[in-house]
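Notes follow once the structure below has been shown.
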Amino acid sequence: MARPENIINSSDAPKAVGTYSQGVKFGGVCYFSGQIGLDAQSMEMASNFQGQLDQILVNIDALLASEDLIREDILKTTVFLTDLANFGMVNQAYQKYFADVSSYPARSCVEVSALPKEALVEIEVIASK
């Protein structure tokens with residue numbers, strides 16, 4: 001089990017909706033839990049796929065900032081989609097989100113039957129300086 005000093009907790013990202021932490025830092029690597037399109041303040045879900053995707057990227061930025069990390073520090077992402085037909089929208093969002101980064105992080109993308117709170121997309125991130 002992770003030590004309390006290794007638990008990542010940011011008020012600028014949505015609170016966990018279950019029995020997990022927003023992230024855990026181990027050996028200098030931050031393992032962030034999957035983010036869905038929840039607004040950190042209202043805990044309301046964005047209404048459509050693009051809105052959820054945009055909110056997730058805002059949430060990821062907040063988690064990175066809480067550990068003094070930037071987008072360039074992202075090593076790997078895992079994307080969960082309830083419909084792979086939205087894969088093109090993910091690629092477009094990544095092109096904008098990582099526009100100032102020298103190279104894209106590693107990525108996996110899978111289709112799943114359902115996500116928490118009826119989300120359409122979820123992204124988890126691993127990052128390190």
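Worth a mention:
- Single match in GLN55, GLN50 (criterion: surrounded by 15 or more Cβ atoms within 10 Å (Cβ to Cβ), over 20 Å from ASN9 (Cα atoms) and under 15 Å from the mean Cα position of the chain (by Cα)): GLN50
- Residue within segment 40-53 that is touching a strand residue (DSSP E or B) at 6+ places or on another chain (Cβ under 6 Å) and farther than 16 Å from ILE123 by Cβ present: no
- The residues in segment 91-100 that are of a type in the set (D, E, K, R) and outside any helix (DSSP H, G or I) can be counted, and the count is 1.
- ALA13 meets all of the listed conditions (1) in contact with a Pro (Cβ under 9 Å, 6 or more places away or on another chain); (2) in a loop (DSSP other than H, G, I, E, B) but one, namely (1).
- Residue satisfying all of: in segment 101-129; assigned to a helix (DSSP H, G or I) and of a type outside the set (Asp, Glu); nearest to the chain's Cα centre (by Cα) among these: PRO116
- Extreme residue, farthest from THR82 (Cα to Cα), among residues of segment 16-38 that are in contact (Cβ under 8 Å) with a residue 40 or more places away in the chain, of a type outside the set (A, V, I, L, M, F, W, C) and not in a strand (DSSP E or B): GLY28
- Once segment 8-25 is narrowed to residues that are of a type outside the set (Ser, Thr, Tyr) and modelled with pLDDT under 95, the residue that is surrounded by the fewest Cβ atoms within 10 Å (Cβ to Cβ) is GLY18.
- Within segment 68-84, the set of residues being within 12 Å of VAL121 (Cβ to Cβ), of a type in the set (A, V, I, L, M) and loosely packed, with under 15 Cβ neighbours inside 10 Å comprises LEU84 only.
- Test: residue in segment 80-90 that is modelled with pLDDT of 95 or more, of a type in the set (D, E, K, R) and in a helix (DSSP H, G or I): no
- Residue match in segment 94-114 (condition: out of contact with any His (no Cβ under 9 Å at 6 or more places or on another chain), surrounded by 17 or more Cβ atoms within 10 Å (Cβ to Cβ), free of Cβ contacts under 8 Å to residues at least 40 places away in the same chain and of a type in the set (S, T, N, Q)): no
The values are calculated or read from the model by the stated rules, or taken from the named source; none is laboratory data. The shown structure was predicted, so the numbers you read here are calculated from the model rather than taken from an experiment. Every residue, glycine among them, receives a Cβ derived from its backbone with ideal geometry; neighbour counts consider all protein chains shown.
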